[in-house]
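This report concerns only the one structure given below.
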Amino acid sequence: MTRLNACSLAAPVLAAASALGLSGSALAQPSAVQTDWREAESGVLADYVQLTSREDYLKAGEAYFNHDATWVVFQAQPVPAEGEAANPNYEMYAAPLERDGAGAVTGLGDAVQLSKPGSANTCGWWHPTEAGLVMFGSTTEPPSEENQPGYQRGSGRYTWAFPSEMEIVTTRISDGKATRTTPMFNRDGYDAEGSWSPDGRHVLYANVNNE
């Protein structure tokens, strides 16, 4: 296992995030001005296919395809049942891709929830050679910190929480179900944003320790 002090894995997600209906500009900072992102990104990105719906998720993003582009892993806030409060944190999901006769992506199949309800989760990543194996950052239980991620009306900025309970975990999808999440390791502070090397022998991840 290789440890680096810092990493940034945001750039590769933009193409997949666009497929989820999010533009790069929208991810960077909320705006009161409504922009037609399809028109704004014409000439750069085209042939959009929206994979998630507001009917199912309050918001969704940071998506990655597996090695053969048959599944996608993504983080999302599901629409709560009537009368229930929404989880303020992201939950982790994976879903198979649906394609037409020409092989073009048309949508998602049934999503599989990988994380425990109520937990905070981020940064899913597929193993490069082991089918169905996924890593992601998870608190596994509701985080204790009161600070929540999202758009802050007071400052006008988007903030990201760094709960100290966040660890890199793995799970495996088999027969449309996810196995129990297993911590890859336990360290002090926030551990997330992990990815495997192309041969699966090394792990790159970020650690934030506020102590």
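Inspect the stretch 184-192 for any residue being modelled with pLDDT under 95, closer than 18 Å to N89 by Cβ and open to solvent by 40 Å² or more (accessible area, probe 1.4 Å) and give the result as yes or no. No, because not a single residue in the stretch 184-192 is modelled with pLDDT under 95, closer than 18 Å to N89 by Cβ and open to solvent by 40 Å² or more (accessible area, probe 1.4 Å). The set of residues from the stretch 166-183 being hydroxyl-bearing (S, T, Y) and open to solvent by 20 Å² or more (accessible area, probe 1.4 Å) comprises T170, S174, T179, T181, T182.
Looking at the stretch 32-143, the strands (runs of 3 or more DSSP E) lying wholly inside it that each contain 1 or more residues that are touching a strand residue (DSSP E or B) at 6+ places or on another chain (Cβ under 6 Å) and closer than 25 Å to R187 by Cα sit at 57-65, 71-78, 91-99, 121-126, 133-138. Take the conditions (1) part of a strand (DSSP E or B); (2) modelled with pLDDT under 90; (3) open to solvent by less than 50 Å² (accessible area, probe 1.4 Å); (4) not aliphatic (A, V, I, L, M); P163 misses just one of them, which is (1). Kindly establish whether L58 is over 30 Å from E165 (Cα atoms), open to solvent by 60 Å² or more (accessible area, probe 1.4 Å) and of a type outside the set (V, I, T). Judged against the criteria, L58 is not a match. Would you please name the residue that is farthest from Y64 (Cα to Cα), looking only at residues in the stretch 109-134 that are among the aliphatic types (A, V, I, L, M) and surrounded by 23 or more Cβ atoms within 10 Å (Cβ to Cβ)? Checking each candidate, the answer is A120.
The values are calculated or read from the model by the stated rules, or taken from the named source; none is laboratory data. Small disclaimer: the values here were computed from a predicted structure and weren't measured. Note that we place each Cβ from the backbone using ideal geometry, even for glycine, and neighbour counts take in every protein chain shown. Just the protein is used for accessible areas: all its heavy atoms, side chains included, with ligands, DNA and RNA removed. Shrake-Rupley method; radii C 1.70, N 1.55, O 1.52, S 1.80 Å.
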